[in-house]
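The values are calculated or read from the model by the stated rules, or taken from the named source; none is laboratory data. Given the structure is predicted, the values throughout are model-derived calculations rather than measurements. Cβ coordinates were reconstructed from backbone atoms using ideal geometry, including for glycine residues, and neighbour counts include every protein chain displayed.
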Amino acid sequence: MSASFRVVCCCFIFALGISLAASSHAQEAKPEKPAEQAPEVPAGWKAIPEDLTANLNTSFYSKYVWRGLESSKDSLVIFPSVTFGYKGFAFNVWADLDTRFANPPQGGDKEFKLQETDVTLSYTNRIKPLKLDYTLGWIYYDTDGFDGNTPSKNQEFFAALALDVPLKPTLTVYQEIETGRAWYSTFGLSQSFKVYNDWSLDLGGWISYLYNKSSDDFNSLHDGNLWAGLTIPLNRYFSVTPKIQYSFPLGSNAADRIEANSYNGKDSNFVYGGIIFDVKF
C-alpha cells in the first residue's frame, strides 16, 4: 500500500466524518417536513440495503500502545477509523496519525506523520442456543516502521469467541502469516453500567499470551490492560467517550521485552487515554 494511497484513505475518512457529523446534526436539529408520497420502486428493491451500516470513529489519544508496546512518545496521536458492515460482513480502515513523530527518539526532527494504516475484513455471526458470538477475520498492517523508519508490512488471521452473558468473556487469537511465526491471544472481560439517562460507564480489561518466533524467542504471558470509559450519546447517531487505560506487563520476561521496545529502554507500564468521537448509521 503506497504512501499516497494511505493519505487518500485518511483524507476520505476525515471527509466522511465531517459529512456524517453534519448530516446527523442537521437531522436532529431541523423540524420534520410534512410527509411526502414516496416514489414507486420495483417490488423487493431498495436503493440502500436496510442491513448496510456505516460507522466513523476518531480517537484523540495521549499515547499509542499496541499489545503492551510503546509506539509513540510525548505526542498527540489520532486514530481515524471507518467501518462498513452488511449482514455480518465488515470492512474497516484504521490509521495512526502521530502529531510529533520521532523514532528513534534522538533521530531526526519531530513531524506530523501518517505512521500506520490497517485494513481489516471480518465476518461475525452467532450460535444462538449457546449465546456465543464468533468472528473470523484478516488484517493487513502497513507501518512506516519504528527502527530507522524502515517500512514494515504484515498480515494476520484472527478468530474471536464471545459469550453474551454478564462480563462478556471474550477469547481472541491472532496468527501472523507474513513475516514469521507468531501467535497473540487475549482473554477479556467488559461490562457497561447505566449511570445517567443514556450515559453508560464502560469498564473492562484483558490479559494476553504471546508466542513469537518471528523477531525474538518469546513464549509467555505478555501484557495486561485495564480501561474505563464514559459513553455520552449526543443524539441518535453521535456519541463522545472520554477513556483512560493502563497497560502493564505480566511477569518479568514480559517486562524485559516491553522495556527493550520502549523509547527510553526503561518503561513497561503506561497510563494513557483520550476522547473518542463516534458516528453510527
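Kindly evaluate Ile258 against the criterion of being touching a residue at least 12 places away in the same chain (Cβ under 8 Å) and over 17 Å from Glu70 (Cβ atoms). So Ile258 does not fit the description; no. Taken over region 169-221, the residue count meeting the criterion of being under 22 Å from Asp142 (Cα atoms) and of a type in the set (Gly, Ala, Ser) is 5.
State yes or no: is Thr231 β-branched (Val, Ile, Thr) and touching an Asp or Glu at 6+ places or on another chain (Cβ under 7 Å)? For Thr231, the condition - β-branched (Val, Ile, Thr) and touching an Asp or Glu at 6+ places or on another chain (Cβ under 7 Å) - is met.
Any residue that is at pLDDT below 95, of a type outside the set (Phe, Trp, Tyr) and touching a Lys or Arg at 6+ places or on another chain (Cβ under 9 Å) - is there at least one of those in region 120-132? Scanning region 120-132 turns up no residue that is at pLDDT below 95, of a type outside the set (Phe, Trp, Tyr) and touching a Lys or Arg at 6+ places or on another chain (Cβ under 9 Å). Listed by position, the strands (runs of 3 or more DSSP E) enclosed by region 217-281 that each have at least 1 residues that are in contact with a Gly (Cβ under 6 Å, 6 or more places away or on another chain) and among the aliphatic types (A, V, I, L, M) are 218-233, 238-249. Taken over region 71-96, the residue count meeting the criterion of being within 19 Å of Lys243 (Cβ to Cβ) and either modelled with pLDDT under 95 or not in a strand (DSSP E or B) (or both) is 4.
Kindly list the number of the only condition in (1) at pLDDT 95 or above; (2) surrounded by fewer than 19 Cβ atoms within 10 Å (Cβ to Cβ); (3) not β-branched (Val, Ile, Thr) that fails for Gly108. All conditions pass for Gly108, except number (1).
Would you confirm whether any residue within region 144-152 is over 22 Å from Glu70 (Cβ atoms), in contact with a Leu (Cβ under 9 Å, 6 or more places away or on another chain) and surrounded by 14 or more Cβ atoms within 10 Å (Cβ to Cβ)? Within region 144-152, not a single residue is over 22 Å from Glu70 (Cβ atoms), in contact with a Leu (Cβ under 9 Å, 6 or more places away or on another chain) and surrounded by 14 or more Cβ atoms within 10 Å (Cβ to Cβ). Selection of region 66-97 for residues being within 21 Å of Glu111 (Cα to Cα) and of a type in the set (S, T, N, Q) yields Ser71, Ser72, Ser75. Being more than 23 Å from the chain's Cα centre (by Cα), surrounded by fewer than 15 Cβ atoms within 10 Å (Cβ to Cβ) and free of Cβ contacts under 8 Å to residues at least 24 places away in the same chain is a condition met by at least one residue of region 211-232.
Can you find a residue in region 133-144 that is farther than 30 Å from Leu201 by Cβ, hydrophobic (A, V, I, L, M, F, W, C) and either modelled with pLDDT of 95 or more or out of contact with any Cys (no Cβ under 7 Å at 6 or more places or on another chain) (or both)? The answer is yes; a qualifying residue exists. Counting residues in region 225-241 that are farther than 23 Å from Phe277 by Cα and at pLDDT 95 or above gives zero.
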